[in-house]
Amino acid sequence: MRSLLFLTLFSVSLFAQKPHLLLLKTYKDQNITGWVMSEKLDGIRAYWSGKELLFRSGRVIHAPKWFTKNYPPFPIDGELWTKRADFENISSIVRDEIPNEKAWKQIKHYIFEVPNAKGGLLERLKKVEPYEGKIIKLIPQIPIKNKKHLQTFLKEIEHKKGEGVVVRDPNAPYIAKRTSKALKVKSFLDKECKIIGYNRGHGKLKDMMGSLTCQMDNNVTFKIGSGFSLEERKNPPAIGSVVTFKYKEMTKYGKPRFPVFLRVRIRK
């Protein structure tokens, strides 16, 4: 009984209630007249509940006390970030249950939303202005002139090794779910690899293929878990097949980030 109580208390200390957050859909040449754009930061999503800092899952982020000392008494949502192409470093810092005080000094919290606040996006973000400082930063929201303006901005961000762009309808109220009023804009690269194994799926994908283990020409192996139709999960490509996948960039370990299955290569 005592051990059960300990596990229960331990679980409560690690997890809070999972926050209901705004999530992005994908830009597919929609009408974005009157919208705003901002850089999509390649960091760790962090939600401040008004009392504690949480991952999207509801798991507590163990930030140093000084980091959240001057946070607002209301929820804010954003990205824990240092600089572009630094995801592995950011992740190692913020996921540590015993915070490294020195390492955390690299981290800033870049805010893009004030959940549950009234008004449009820019009005909601104004609530954060009094709390801006060394730690809390507002992500600039740039009015979009036209689609060419967006593509130019995207190329500039990607040239600087940024992840991509977010476009949003500034007049939309806060929406705590995936919404067409907020879209991610990215460009991807593609590459080929050979299938060397299958990995069973979980939940809705139980008894189906969950992901493929693939090997590139340089012998680096990785998994592809998205981009498949239901039929492809039931009848995945054969072991030894060469497939094409898209990805954002390579990690410092030489593995593709965000790999997505495209198709089986047809041999000519």
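Ranking Asn218, Ser229, Phe258 by Cα position along the charge dipole of region 189-264, where only Lys, Arg, Asp and Glu carry charges on their C-beta atoms, puts Phe258 farthest toward the positive end.
When the charge dipole of the chain is built from unit charges on Cβ atoms (+1 for Lys and Arg, -1 for Asp and Glu) and taken about the Cα centre, the candidate among Phe55, His20, Ile196 whose Cα reaches farthest toward its positive end is Ile196.
What per residue convex hull volume, in Å³, do the alpha-carbon atoms of region 189-264 yield?
Numbers: hull volume 6.3 nm³, N = 76.
It comes to 83 Å³ per residue, whole-number rounded.
When the helix-only estimate is applied to the chain (DSSP H runs of n ≥ 4, each -39,500 (n - 2.57), divided by the residue count), what is the mean residue ellipticity at 222 nm, nearest 500 deg cm²/dmol?
On the way: 7 runs with 53 residues, N = 268.
Helix-only estimate at 222 nm: -5000 deg cm²/dmol.
Once the C-beta distance of Ser180 and Ser57 is scaled by a Förster radius of 22 Å, the resulting FRET efficiency is 0.35 to the nearest 0.05. The modelled label-to-label distance between Arg257 and Lys160, using points 7 Å beyond Cα along the C-beta direction, is 1.5 nm. Relative to the current alpha-carbon distance between Thr244 and Glu192, full extension at 0.36 nm per residue lengthens the span by 18.3 nm. The Cα atoms of the chain define a convex hull whose projected area, averaged across directions, is 18.2 nm². Taking θ as phi - 60° and the Karplus parameters 6.51, -1.76 and 1.60, the scalar couplings of region 132-144 work out to 5, x, 6, 10, 7, 10, 8, 6, x, 10, 9, x, 8 Hz in sequence order, x denoting glycine and proline. Here Lys25 is the anchor, and the lysines within straight C-alpha reach of less than 16 Å, apart from those fewer than 8 places off in the same chain, are Lys40, Lys177, Lys181, Lys184, Lys186.
The numbers here are math on the coordinates, done by the rules we state, and not lab data. Nothing here was measured: the structure is a model prediction, and the numbers come from that model. Here the Cβ is made from the backbone with ideal geometry for all residues, glycine too, and neighbour counts use every protein chain on show.
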